[in-house]
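Have a look at the structure below before the remarks.
Here, each number is a calculation from the coordinates, and none is a lab measurement. Please read these numbers as outputs of a predicted model, since none were measured by experiment. Positions of Cβ are generated from backbone atoms using ideal geometry, with glycine treated the same way; all protein chains shown enter the neighbour counts.
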């Protein structure tokens, strides 16, 4: 099996290469896409930082004439929005995309084209927001967009639409990557890497990505509803017509609270990876940490309302959310003490990443403790919406995300650049950051306790906040200088650092067992992992893998091959052939951009056309995926013969679809929550007029919905008996088209005007949800027909039909639930 | 507490200079929690440098003991008393018995206060209160969300269109206080403040009656 490493490197590089120049726009490789995410996120961090500087300049003196409230409101809204949606989330996604395959011993992620599409959605969505900022029409209702302030009555311009559409666009990116990361962790690992042998970072990303799958849908739904209210006057949040502004607050924080942990967990994952390296021993309490992060993930979904203690929620709920919020301290403390225990039982050595870890610890502990203080309702009622809260969440986010990410930057920079670190600028940069940060935000706690609310563009000399604000402003500028120094430091290390052979930190994880900077294929052959993957010896494994002595140590058929493994045991169960570079993700991104821009400028027919084009591009993009012939078992190295993923029983797309269904199911669940919430809590119920459709129309719709799963089964049955699937596809097509047409009829004829009352508006949303999902089912059917005709489906290559069946099953179930709730609600009213 | 004059807790809007029993008990709770937080932060920082600089001594505590001691026992000692204290303070703030009510109605960008027990007199951006007597403020909003806050008397509560929230206030002595809108409500948010005039109980009715009813 031993081969010449240079020859293998050249052969694999040819297969995995991305074209240079403009051809880079076709990149789907995780190293390129992950780096793009991180660089773009760093750019947006700089923009968000500039905005913060404008805020601090304005607040440096009382009654400053620097900027007025029109501009100031845009600046603080955009500062928050950019830092959350365009910096923190994409940065952690970029790190995960870049690092995960390297840590897991895979050559790429499961769906490279999906990550590339996710990147374009992120970039274009971000540019829409940035464009609005420069045009002076940026969102100005605060980053949580409380309605009615963000409604068309009180924010008539396009500012709020920019937020709702731009951020939702960026969230498409987050959703695609969440599914991508979950499936990649569960299916694309090195052989032998059971779940409990995974490097701890993979556990963190697994939990984070799962949280994203269920955490983002409430906000996506909320944004869609609010945009529908703004654009078409559907009164979901209008209390005069049975809506409730508090429903928006609930949907926002149902997302917003898990969001905080989505940001914190990957950073903590980086710490759990880095601390053992500098303690020179494996992480202690691996199992305890895994349990802690899973508990943290669950808890984070139960305590969203602690952002809403002052909106007037019942006292019993207050006690529940208060206790739950305080409880978060436990899994967090477990992690911190696992890190301390690791250092205590190791031989700690000091280096720049450790400096940032020390900084993290001080800042994050204080931020966590003020968080416990805020969980105490009487205290919360005093300091909520003051600068105390601003100080608290900067301690948590800068302490819990930025400092660990800087530790990660200094730790992994050699892996990315292939250059050894230098310390000349790193240490002064750290101290500037640490001192600047604490100067800015430690005193800001006090500003808040002295009564300064957040989001005020000015204050008065008598308020007693003058010196505190000036101090914060000075600290803010020191902080900015620190970041500038870090940027310079990174640039210089890349230019001037000395090259090294392998594993400069003496680490014990797989990303150091590859050449640096990483080759496009990652590993020349894939390792077998027999111990926990943070106890490996990269310096020994590296040359073995480079010489092709692992699995798949060959270049075959021009295929980009990597191994798929059993979800838990990590035993190989398939060879996955990954897609080559392609412009399709860029085209899909551009047509999605067209749809979003058209909606922004209220050109709804253009938007509809662009949405159809986007859907068409997805169907078209799948036209030649997979194989046109049965290959049977193929050698994977070490005497192992495996099926290709097209013929495997558990291929990644099936799992991906299951998680996509979980996401859209969460959207439906959020919508149902909204229906029940409005019905029980909103003023002006019951509605003046309810739906009376009779029985025939709903029965026919139900029939059309059920035709989906039946037809999908017929199609599978036909193909497995060696026949063509046309009958089954026709049943699905007819049933789907009929269901869609009848749903339109139901909405037009039986439903009262959705603009009249939130009851009709939510029923409209439920039926619209069903309509849209049946429409997507038809795309599956079209794709099946196209790919059957192209020869991509055979009795052994049934993946397409299995995917369609899964989707149809969900659509039938979800459609029937939507129909039943929309129809049944009037009876219960 | 010796650092108090240095730090300066005084201010017309300071949470730490309470002018009534509700804000008073919250201020006490705040002090206790802040001192506790600073102590715990110092403790954690000290432990960090202890394990980094003297790992051999720190290794005498087993790995399991580090995690159980720090992750479970430490929060187990701190959190329950804190939550109990919070419930006790919180219970004291809750409206139990019927007391006089005043209505606070928020709109962009001013406050209207109505006194139903005094013939429905109305004041704008000026709230009259009796000293030494609890009052329930019934908070509503006309247009967007606002929040009613008199930091020296009690916590804040949001004014939500379509809902009524009730906040109990009590001022100790006659005097002048300040209140403001604490929930971002648009262009005029920074200037949406109001004055609170606390009167001796026997002068309160006269002060309200002196306001012209619109």
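Among A:252, A:22, which comes first, then next, by fewest other beta-carbon atoms within 10 Å? Kindly include the intermediate steps, with their values, before the conclusion.
Numbers: A:252 24, A:22 8.
In increasing order of surrounding Cβ atoms, one gets A:22, A:252.
Using the scaling law 2.2 N^0.38 Å as the reference, what is the normalised Cα Rg of segment A:323-387? Intermediate values should be presented prior to the final figure.
Working: Rg = 15.2 Å, N = 65, 2.2 N^0.38 = 10.7 Å.
So the Cα radius of gyration is 1.42 times the expected 2.2 N^0.38 Å.
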_Using a 7 Å offset from the Cα along the Cα-to-Cβ direction at both residue B:38 and residue A:349, what is the distance between the two label points in nm, to one decimal?_
3.9 nm
*Can you tell me the FRET efficiency between residue A:681 and residue A:710 if r is taken as the Cβ-Cβ distance and R0 is 45 Å, rounded to the nearest 0.05?*
0.65
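Just check segment A:470-610 against the gyration tensor rule for me: Cα atoms, a ≥ b ≥ c as the square roots of the eigenvalues, rounded for a/c under 1.5, and otherwise prolate or oblate depending on whether a/b exceeds b/c. It would help to have the intermediate numbers written out before the result.
Numbers: a/c = 2.44, a/b = 1.18, b/c = 2.06.
Oblate shape, in that a/c is at least 1.5 and b/c is the bigger or equal ratio.
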_Need the C-alpha centroid separation for segment A:690-713 versus segment A:137-200, integer Å._
33 Å
*Roughly how many Å is it from the Cα centre of segment B:84-106 to that of segment A:480-558, as a whole number?*
61 Å
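Which whole number gives the average count of other chain Cβ atoms within 10 Å of the Cβ atoms across peptide A:150-159?
Numbers: counts 1, 2, 0, 2, 5, 2, 0, 0, 0, 0.
For this peptide, the per-residue mean of nearby foreign Cβ atoms is 1.
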*Cα→Cβ-extended label distance, 7 Å offset, between residue B:50 and residue A:474, nm*: 3.5 nm
*By the gyration tensor of its Cα atoms, with a ≥ b ≥ c the square roots of the eigenvalues, what is the shape of segment B:16-93: rounded for a/c under 1.5, prolate for a/b over b/c, or oblate?*
oblate
*Would you mind ranking A:122, A:286 so that the residue whose beta carbon has the fewest other beta carbons within 10 Å leads the list?*
A:286, A:122
*So, by mean Cβ neighbours within 10 angstrom, what's the order for A:37-47, A:363-373, B:71-81 with the highest one leading?*
A:363-373, A:37-47, B:71-81
_Please list, in order, the residues from segment A:808-829 whose amide nitrogen is less than 18 Å from a point placed 7 Å along the Cα→Cβ vector of residue A:699._
A:816, A:819-820, A:823-824
*Taking only C-alpha pairs under 8 Å that are 6+ residues apart, what is the relative contact order of segment A:588-719 in percent?*
10 percent
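Starting from the Cα-Cα distance between residue A:721 and residue A:673, subtract it from 0.36 nm times their residue separation and give me the gain in nm to one decimal. Don't skip to the end; give the middle numbers.
Details: separation 48, 0.36 × 48 = 17.28 nm, distance 4.42 nm.
Computed gain between residue A:721 and residue A:673 is 12.9 nm.
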*Pick out which of B:49, B:113, B:204 has the largest mean-square fluctuation in a Gaussian network model of chain B, springs linking Cα atoms closer than 10 Å.*
B:49
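Using a Förster distance of 30 Å, how high is the FRET efficiency between residue A:6 and residue A:495, based on the Cβ-Cβ distance and rounded to 0.05?
Values: r = 27 Å, r/R0 = 0.90.
E(calc), rounded to 0.05, equals 0.65.
What is the ratio of the Cα radius of gyration of segment A:379-423 to 2.2 N^0.38 Å, where N is its residue count, to two decimals? Write down the numbers at each step before the final one.
Numbers: Rg = 16.9 Å, N = 45, 2.2 N^0.38 = 9.3 Å.
So the Cα radius of gyration is 1.81 times the expected 2.2 N^0.38 Å.
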*Give me the Debye-computed log₁₀ of I(q)/I(0) at q = 0.11, 0.12, 0.15 Å⁻¹ for segment A:686-828, equal point scatterers on Cα only, no solvent, two decimals.*
-0.44, -0.50, -0.70
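Give the percent of DSSP beta bridges with both residues in the protein assembly as shown that are antiparallel, rounded to the nearest 5. Before the final figure, lay out the partial values.
Details: 38 of 51 bridges.
So the antiparallel bridges amount to about 75 percent of the total.
Going highest first, how would you order A:534-541, A:625-632 by mean Cβ packing within 10 Å? Please report the intermediate quantities before stating the final value.
On the way: A:534-541: 17.8, A:625-632: 14.5.
So the order, starting with the most tightly packed, is A:534-541, A:625-632.
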*What share of Cα pairs, in percent, lie more than 21 angstrom apart in segment A:113-196?*
47 percent
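Mean 1/r over all different Cα pairs, inverted: what Kirkwood radius does segment A:550-683 give, in Å?
Working: mean 1/r = 0.0534 Å⁻¹.
Result for segment A:550-683, one decimal place: 18.7 Å.
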_Spacing of the two label points (7 Å from each Cα toward its C-beta) at residue A:301 and residue B:96, in nm_ = 3.9 nm
_Need one number: % antiparallel among DSSP beta bridges in chain B, to the nearest 5._
70 percent
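Please compute the average number of Cβ atoms from other chains found within 10 Å of each residue's Cβ in peptide A:321-334.
Details: counts 0, 5, 5, 0, 1, 7, 3, 1, 7, 6, 2, 2, 12, 7.
Average per residue, whole number: 4.
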*If you build the Cα gyration tensor of segment A:5-496 and take the root of 5 times each eigenvalue, what three semi-axes come out, in whole angstrom, biggest first?*
35, 27, 24
_Could you give the length gained by full extension between residue A:66 and residue A:422, i.e. 0.36 nm per residue of separation minus their alpha carbon distance, to one decimal place?_
124.1 nm
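For chain B, just say rounded, prolate or oblate: build the C-alpha gyration tensor, square-root its eigenvalues into a ≥ b ≥ c, call rounded for a/c under 1.5, and beyond that prolate if a/b exceeds b/c, oblate if not.
On the way: a/c = 2.67, a/b = 2.51, b/c = 1.06.
Prolate, since a/c reaches 1.5 and a/b exceeds b/c.
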_segment A:350-390 versus segment A:750-829: alpha-carbon centroid distance in Å_ = 45 Å
*Along the Cα-to-Cβ line of residue A:50, 7 Å from the Cα, sits a label point; which residues in segment A:126-168 have backbone N less than 13 Å from it?*
A:130-136
*Among B:47, B:139, B:22, residue whose mean-square fluctuation peaks in a GNM of chain B (springs only between Cα atoms under 10 Å)*: B:47
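Averaged across the residues of B:162-170, what count of C-beta atoms belonging to other chains lies within 10 Å of each residue's C-beta? Walk me through the numbers on the way to the answer.
Values: counts 14, 9, 2, 4, 1, 3, 0, 0, 0.
Other-chain Cβ atoms within 10 Å of each residue's Cβ, averaged: 4.
For segment B:101-209, what does the equivalent ellipsoid look like in terms of its semi-axes, each the square root of 5 times an eigenvalue of the Cα gyration tensor, given largest first in whole Å?
22, 14, 12
Could you grab the relative contact order for chain A? Cα pairs under 8 Å, six or more apart, rounded to a whole percent.
Values: 1445 pairs, mean separation 137.9, N = 829.
With pairs under 8 Å counted, the relative contact order is 17 percent.
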*Give, in whole angstrom and from largest to smallest, the semi-axes √(5λ) of the equivalent ellipsoid of the protein assembly as shown, with λ running over the eigenvalues of the Cα gyration tensor.*
50, 39, 24
*Quickly estimate the mean residue ellipticity at 222 nm for chain A, helices only: each DSSP H run with n ≥ 4 gives -39500 (n - 2.57), and the total goes over all residues, rounded to 500.*
-22000 deg cm²/dmol
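Can you sort A:66, A:459 from fewest to most other Cβ atoms within 10 Å of each residue's own Cβ?
Working: A:66 14, A:459 22.
If I rank by nearby Cβ atoms, fewest first, I get A:66, A:459.
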*Over the Cα atoms of segment A:356-479, how large are the radius of gyration and the largest Cα-Cα distance (Dmax), in Å?*
16.8, 57
